[in-house]
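Rule-based calculations on the coordinates, nothing more; no lab input. Because the structure is predicted, anything quoted here is derived from the model rather than measured. Cβ placement follows ideal geometry from the backbone for every residue including glycine, while neighbour counts extend to all protein chains displayed.
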Amino acid sequence: MSDDEIKLHRGLREVYIDRTTSSFIDGKEGKLYYRGYNIDDLAVNCGFEEVIYLIMNGELPTVQELEQFNSELHSSMFIPDPVIDIIRSIKHAHPMDVLRTAISALSAFDEDVDDNSLEATLRKGTRLTAQAPTIVTYHARIREGKDPIPPDPSLSLAANFLYMLFGEKPDPRDVALIDKDFVLHAEHGLNASSFGARVAASTQADLHCAITTGVAVLKGPSHGGAAESVMSMSQDIGSEDNAENYVKETLSSGGRIMGFGHRVYRAVDPRSLHLQDDLKELGERKGEPKWYSILQRVVEAMKPYSRRGIHQNVDFFSGAMYFLLNIPEDLFISIFAVGRVPGWTAQVVEQFENNILLRPRLKYVGELDRKFVKINDR
Ligand code: COA
């Protein structure tokens, strides 16, 4: 192919690399489906465990199937002592770096590590989904000089997350919020971290490698980091009266409003609509309605941008919700990561089932045939 014939697809925008049955984003209409089910139905009617089962197995579970899956998941939440020691030894690091390192380390203790069969990959995906909240909460306590609180297998993953973080049995209303948040983050097309996980899987590396990659890619502010940035933005805005000016000044100086915009959605991200109502209620319950009001004023100030397809995304309301639940801000991305483990697993399974090495090309634009000079003569 001649140089002129090469067509660049920077950012792989609008490039389709394969087929999937895991999730579908209708960006024009603002709809999201997991395995063909509308997120609006799942967010209102299903717990995270039910959705994990759906994403990993392709079907909603029966009552009995869910019971058995729950017991598998909840008994897999414990992590081995050497991994806890690793968490202790890097406790000063960012929670996402700790999560990435601990998931990588868990591979050394997983009996299925090298087995890329469907059954083993699903078993590992189930274990990693269960272990991720334990890693995040153990680290959060260890870095504060507190003892980790072992998971309680009788509690859901969402309830355990809050229990292991704060050390007391959580308010069921708070559990419901975290549960829904996990559901809303569970799977989302070929986002950057799922693409990263697929690239790892395409070399026939194992699930631990792929999910370690997924966590690494998720960390950036253009992907999972936005919730934290939205909360800092709300704090900078301070009161609803400042929202419009803040938006104007940020945009006129070439900045971006965090929690807005998306590569695929040209309509409002349906996940943000679920979190919006939850945040309003939570703010009123906690006696801090101002965060919701500030964010609503930002939405109003961004109205002119909706004509260009720039709307609020899932991260826009989630940050304030975590903040009102007293979750430290640097844990926000980790919550996203915990929710996304089932989606990464499902995509790795798909990649393995019809594998092809993901290996695109770069157009070389540097010099050629430069005169080589030996090191002592330079
Ligand atoms: N605020 C203001 N303008 C925005 C914007 C935002 N949050 N997001 C996109 N835009 C504008 C860009 O400035 C660009 O304008 P231009 O065409 O005049 O240059 C246009 O929309 C397209 O942006 P681009 O960065 O090319 O789109 P993308 O598909 O590559 O980026 C995101 C998608 C998510 C990275 C981007 O919207 C963003 O940075 N959002 C903020 C971070 C965020 O919320 N991330 C979480 C995603 S779930």
Original post:
Given the Cα atoms of region 266-378, and with Rh set as the inverse mean 1/r over their pairs in the Kirkwood sense, what is Rg to Rh to two decimals?
Top reply: 1.26
**OP:** Output ³J(HN,Hα) for region 48-61: one whole-Hz value per residue in order, computed from phi by the Karplus curve 6.51 cos²θ - 1.76 cosθ + 1.60 with θ = phi - 60°, and x for Gly and Pro.
**Re:** 4, 4, 5, 6, 4, 4, 4, 5, 7, 10, x, 10, 6, x
Subject >> Shape parameters for region 162-204, alpha-carbon atoms, Rg then Dmax in Å >> reply: 15.9, 44
**OP:** Using per-residue counts of other Cβ atoms within 10 Å, averaged over each peptide, order 222-232, 133-143 from highest down.
**Re:** 133-143, 222-232
**OP:** Take the Cα atoms of region 126-215, find their three principal axes, and give me the spread along each one in whole Å, biggest first.
**Re:** 43, 28, 22
Original post:
Under a 5 Å amide H to amide H cut-off, with H placed in plane at 1.01 Å, what residues pair with Asp269 once short-range neighbours are removed?
Top reply: Gln312
Subject >> Ellipsoid semi-axes in whole angstrom, largest first, where each is sqrt(5λ) of the Cα gyration tensor of region 76-115 >> reply: 19, 11, 8
Subject >> region 53-123: translational diffusion in µm²/s, Stokes-Einstein, Kirkwood Rh over Cα pairs, 37 °C, 0.692 mPa s >> reply: 230
Original post:
What order, most packed first, do the peptides 75-81, 22-28 have when packing is the mean number of other Cβ atoms within 10 Å of each residue?
Top reply: 22-28, 75-81
Subject >> Principal semi-axes in Å for the chain [√(5λ), Cα gyration tensor, largest first] >> reply: 32, 29, 22
Subject >> Amide H contacts of Asp26 (H built 1.01 Å from N, under 5 Å, at least 5 apart or other chain) >> reply: Lys31, Leu32, Tyr33
Subject >> Protection proxy ranking, peptides 120-126, 297-303, average beta carbon neighbours within 10 Å, highest first >> reply: 120-126, 297-303
Subject >> Surrounding net charge for Leu60, when Lys and Arg each add one and Asp and Glu each subtract one, Cβ distance under 11 Å >> reply: -3
Original post:
Quick one: what do you get for region 199-240 if you divide its Cα Rg by 2.2 N^0.38 Å?
Top reply: 1.76
Original post:
Taking square-rooted eigenvalues a ≥ b ≥ c of the alpha carbon gyration tensor, is region 76-171 rounded, prolate or oblate, where a/c under 1.5 means rounded and, failing that, a/b exceeding b/c means prolate?
Top reply: oblate
Subject >> Vicinal HN-Hα couplings computed from phi for region 20-31 (Karplus, 6.51 cos²θ - 1.76 cosθ + 1.60; Hz; Gly/Pro x) >> reply: 9, 10, 7, 8, 9, 9, 9, x, 6, 8, x, 10
Subject >> Projected-area average for region 140-287 over all orientations - Cα convex hull basis, square nanometres >> reply: 12.2
